[in-house]
Amino acid sequence: MDMFIDGAFVPALAGLRQNVTNPATGDVIDTVPTGAAEDADRAIAAAERAFETWKRTPVAERARLQKAAAQLMRAEAQAIGRTLTLELGRPLAAAITEIERSADLLDVYAEEGLRLTAEMPITSVAGEKMLVTREPVGVVVAITPFNYPITLLTFKLGAALIAGCTMVAKPAEDTPLSTLMLADLFHRAGFPAGVFNVVTGRGSGIGKAMIEHPVPRKIAFTGGTAAGKAIAAAAVQTMKRLTLELGGQSPAIVCSDADLDVAAAAIARHGFANSGQFCYRVNRCYVERPVYETFLAKLKGHVDKLKVGDGFDASCAMGPLVNQKIYSNSERQSDDARQKGARILTGGKRLTGGLYDGGWFFPPTLIADADHSMLVMTEETFGPVLGIMPFDDRREVLKLANQTRYGLAGFVFSENLATALTLAEGIEAGSVWVNNIHRSSHTMPFGGMKESGFGREKGRFGIEAYLEYKSIYLSYKEGL
């Protein structure tokens, strides 16, 4: 596939290309252009031209087009989902669900956009009025990761477009194909050329050029904390607005009065979804000592049922990790914990033999008796490895939960509502789940504290991040 710029698929001006591989087999499934600075400039110029018309398009028309794109996404969820499974390795059913839920978010953004209002403060001064209005920021650069390429782009795209911005997106090198399909779909849904563009290439090349380009007024990035810091440092040179959703090392606290069956099922489900490749997953778990061994047994019972294999096998709950770099972190953290005296309850070593020899397969791994000397309790894993530690004091466990530079999510399990709320309010994180782990709601703000980033996405909160306030002072002569 080629890049999608100004309503058409185009190759890179230099003609260079790079492979896209299936992480389950290592096979090359397609190639995409390796874009450079001149390609970034071409896409940004298209977005800048389109912005002049798009910002004046009535919000009702933007909402109509956005809902049309959402409907088309649902109609083509199978095709886009299959491509996503090929490039990411995630089980097909989950890939299709990602497309469908992303379509739902587009609808939410469209409805929230229709509810945006300006203000006219009441003033007692004759012949004067004051208006507080909001205008679209301008051209937006979106840089998205591999793990949920459509969801995390839609977080940004749906908000930007309904606000009146135009966008140039750069997907991850591992998963560009589904994003390119989405750009073509939006064009077929009726969006004008140049409103939504997609370029491909490497972050050190085209990504850097997009961030440093003088035209875009906002960067929306989801990815690693180190990369986010570098983007922020570069963006401030031209005072670009920023939304950064970065890494996480999210704690779960299981108290002795928790419903252990619910807690074990929720943590197993959430901690190993998408092979652990998302930043607000449960990464470390603190369990009150009286129920520690009982909880371990229940959790292991759920995890042992998770089958790892090819994403097109409907019986599989987990696919491969996306590449060797992501895989190696799970192996490194498991080895580190083993060497420091932890118990590996299940997993801990690469799966081999047959299908497993062709891809980066790591089993769901539970590390018991972990502590904060171990990497799994202090560094983001981004893989199917979960550290578990007993605790005796609830005040101390709250300190341990917050003993991290991250602050994206937290999870609390206690049947005592006072305990649960006290812990939930005490956890330094942008989102906290109590007594179960549901999908994050499309209407709730999502984002992090501390080094997990800043800004919020989803719902009206996400749209507001793509608008600038403007104060207008109006003087007029009274009379009839």
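The values are calculated or read from the model by the stated rules, or taken from the named source; none is laboratory data. Please read these numbers as outputs of a predicted model, since none were measured by experiment. Cβ coordinates were reconstructed from backbone atoms using ideal geometry, including for glycine residues, and neighbour counts include every protein chain displayed. What goes into the accessible areas is simple: the full protein's heavy atoms, side chains included, and nothing from ligands, DNA or RNA. Shrake-Rupley method; radii C 1.70, N 1.55, O 1.52, S 1.80 Å.
Under 5 Å between amide hydrogens, which residues at least 5 positions from Ile29 or on another chain qualify, with H placed 1.01 Å from N in the peptide plane?
Correct list: Val20, Thr21, Asn22.
Scan around Thr346 for amide H atoms under 5 Å from its own, H built in the peptide plane at 1.01 Å from N, and keep only partners 5 or more places away or cross-chain.
Leu366
Roughly what would the spin-label model give for Asp2 and Asn416, points 7 Å off Cα along C-beta, in nm?
The modelled label-to-label distance comes out at 6.6 nm.
Among bridges DSSP assigns within the chain, what percent are antiparallel (round to 5)?
Just about 40 percent of them are antiparallel.
Quote the relative contact order of the stretch 46-158 in percent (integer), defining contacts as alpha-carbon pairs under 8 Å separated by 6+ residues. Write out the running numbers ahead of the final one.
Values: 100 pairs, mean separation 32.3, N = 113.
Over the stretch 46-158, the number comes to 29 percent.
How about Lys450: which aspartates and glutamates have a C-alpha closer than 19 Å to its C-alpha, ignoring those fewer than 8 places off in the same chain?
List returned: Glu245, Glu379, Glu380, Glu425, Glu428.
Quick check on the stretch 319-473: of the DSSP beta bridges with both residues there, what percent are antiparallel, nearest 5%? Kindly include the intermediate steps, with their values, before the conclusion.
Details: 7 of 14 bridges.
Expressed as a percentage, antiparallel bridges in the stretch 319-473 total about 50.
Once amide H atoms are placed 1.01 Å from N in the peptide plane, what residues at a sequence separation of 5 or more from Arg17, or on another chain, have their amide H within under 5 Å of its amide H?
Under 5 Å from the amide H of Arg17: Thr34.
Are there any trypsin sites (Lys or Arg not before Pro) in the stretch 304-335 that are in a DSSP loop and have at most 10 other Cβ atoms within 10 Å? List them by number.
Details: sites: Lys305, Lys307, Lys325, Arg332; in loops: Lys305, Lys307.
Hits after loop and neighbour filter: Lys305.
Between the DSSP loop rule and a limit of at most 15 other Cβ atoms within 10 Å, which trypsin sites (Lys or Arg not before Pro) in the stretch 105-178 are left? Working shown, then result.
Numbers: sites: Arg115, Lys129, Arg134, Lys156; in loops: Arg115.
Passing both the DSSP loop test and the Cβ count: Arg115.
Describe numerically, in nm with one decimal, the distance between label points set 7 Å from Cα along Cα→Cβ at Met120 and at Lys325.
Label at Met120, label at Lys325, 5.4 nm between them.
Can you give me the C-alpha center-to-center distance between the stretch 271-345 and the stretch 138-164, rounded to a whole angstrom?
29
Find how much the distance from Tyr476 to Arg74 grows on full extension, using 0.36 nm per residue of separation minus their present alpha carbon separation; answer in nm with one decimal.
Numbers: separation 402, 0.36 × 402 = 144.72 nm, distance 5.11 nm.
In short, 139.6 nm is gained.
Expressed as a fraction of 2.2 N^0.38 Å, the rule-of-thumb size for a compact globular protein of N residues, what is the C-alpha radius of gyration of the stretch 385-457?
Working: Rg = 12.8 Å, N = 73, 2.2 N^0.38 = 11.2 Å.
Here the Cα radius of gyration is 1.14 times the empirical estimate.
Taking 0.36 nm per intervening residue step and subtracting the Cα-Cα distance, what contour gain separates Met444 from Ala14 on full extension? Mind showing how you got there, number by number?
Values: separation 430, 0.36 × 430 = 154.80 nm, distance 4.30 nm.
This chain segment gains 150.5 nm when fully extended.
For the stretch 449-480, which chymotrypsin sites (Phe, Trp or Tyr not before Pro) are both in a DSSP coil and crowded by at most 13 other Cβ atoms within 10 Å?
On the way: sites: Phe454, Phe461, Tyr466, Tyr469, Tyr473, Tyr476; in loops: Tyr466, Tyr476.
Answer by residue number: Tyr476.
What per residue convex hull volume, in Å³, comes out for the stretch 1-146 when only alpha-carbon positions are used? List each step's numbers first, then the result.
On the way: hull volume 21.7 nm³, N = 146.
Cα convex hull per residue, to the nearest whole number: 149 Å³.
Which value at 222 nm does the chain reach when only helices count, each DSSP H run of 4 or more adding -39,500 (n - 2.57), with the total divided by all residues and rounded to the nearest 500 deg cm²/dmol?
Working: 14 runs with 178 residues, N = 480.
Counting only the DSSP helices, I get -11500 deg cm²/dmol.
Can you give the convex hull volume per residue for the Cα atoms of the stretch 1-55, as a whole number of Å³? Show your work: numbers first, answer last.
On the way: hull volume 5.1 nm³, N = 55.
So the per-residue Cα hull volume is 92 Å³.
With N residues in the stretch 154-266, what two-decimal value do you get for its Cα radius of gyration over 2.2 N^0.38 Å? Don't skip to the end; give the middle numbers.
Values: Rg = 18.3 Å, N = 113, 2.2 N^0.38 = 13.3 Å.
Scaled against compact globular proteins, the figure is 1.38.
For Thr25 and Ser204, what is the calculated FRET efficiency with R₀ set at 30 Å and r taken between the beta-carbons, to the nearest 0.05? All intermediate terms of the calculation are to be shown ahead of the outcome.
Working: r = 27 Å, r/R0 = 0.91.
Rounded to the nearest 0.05, the efficiency is 0.65.
Order the following by accessible area, largest value first: Ser440, Ser204. Probe radius 1.4 Å; ligands, DNA and RNA are ignored. Provide the component values of the computation, followed by the final result.
On the way: Ser440 20, Ser204 100 Å².
Order by accessible area, largest first: Ser204, Ser440.
What number, in percent, do you get for the relative contact order of the chain if the mean sequence gap of Cα pairs under 8 Å and at least 6 apart is divided by its residue count? Can you show the working numbers first?
On the way: 1138 pairs, mean separation 90.6, N = 480.
Over the chain, the number comes to 19 percent.
Largest first and in whole Å, give the semi-axes of the stretch 243-334's equivalent ellipsoid, each being the square root of 5 times a Cα gyration tensor eigenvalue. All intermediate terms of the calculation are to be shown ahead of the outcome.
Values: eigenvalues 122, 64, 28 Å².
The equivalent ellipsoid of the stretch 243-334 has semi-axes of 25, 18, 12 Å.
Quick one: what are the phi-derived ³J(HN,Hα) couplings along the stretch 145-162, Karplus 6.51/-1.76/1.60 with θ = phi - 60°, whole Hz, x for glycine and proline?
Computed from phi, the couplings for the stretch 145-162 are x, 7, 6, 9, x, 7, 4, 6, 6, 5, 3, 8, 5, x, 6, 5, 5, 5 Hz.
Report the extension gain between Phe312 and Glu212 in nm, rounded to one decimal, defined as 0.36 nm multiplied by the number of residues separating them, less their alpha carbon distance. Don't jump to the answer; show the numbers that get you there.
Working: separation 100, 0.36 × 100 = 36.00 nm, distance 4.02 nm.
Net length gain for the segment: 32.0 nm.
Simple spin-label model, 7 Å along Cα-to-Cβ: Met239 to Arg269 in nm?
Output for this residue pair reads 4.8 nm.
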